[in-house]
């Protein structure tokens, strides 16, 4: 997973806990806007079984843990 970001945009990558290592996810903060924005760029495999349910629950748990009340959060999935 990657995010292509223009050089004029200041960002800081968010290091995720190893609990989320099975997710295909990049999380970063956009710093040169007010309020700052936390971006979640995720890929969810296209299956609809029990593993997919686990994956989505893990993704939602991660978003909940790394979202902040003081900034906006944006989730982009592809």
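Residues are listed down the side, and each one gets a yes or a no for (1) surrounded by 12 or more Cβ atoms within 10 Å (Cβ to Cβ); (2) in contact with a helix residue (DSSP H, G or I) (Cβ under 8 Å, 6 or more places away or on another chain):
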| position | (1), (2) |
| --- | --- |
| 24 | yes, no |
| 27 | yes, yes |
| 31 | yes, no |
| 35 | no, no |
| 51 | no, no |
| 57 | no, no |
| 66 | yes, no |
| 75 | yes, yes |
Residues 10, 15: which one is without any contact (Cβ under 8 Å) to a residue 40 or more places away in the chain and exposed (fewer than 11 other Cβ atoms within 10 Å of the Cβ)?
-> 15
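Please verify whether residue 3 is surrounded by fewer than 14 Cβ atoms within 10 Å (Cβ to Cβ), touching a residue at least 12 places away in the same chain (Cβ under 8 Å) and part of a loop (DSSP other than H, G, I, E, B), treating the condition exactly as stated.
Details: surrounded by fewer than 14 Cβ atoms within 10 Å (Cβ to Cβ): yes; touching a residue at least 12 places away in the same chain (Cβ under 8 Å): yes; part of a loop (DSSP other than H, G, I, E, B): yes.
Yes.
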Residues of the stretch 42-76 satisfying the condition of being closer than 11 Å to residue 23 by Cβ and not in a helix (DSSP H, G or I) | 42, 43, 44, 45
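Every number in this text was worked out from the coordinates using simple rules, so none of it is lab data. Bear in mind the structure is a predicted one, so any value in this text is a computation, not a measurement. Using ideal geometry, Cβ is built from the backbone for each residue, glycine included, and neighbour counts are taken over all protein chains shown.
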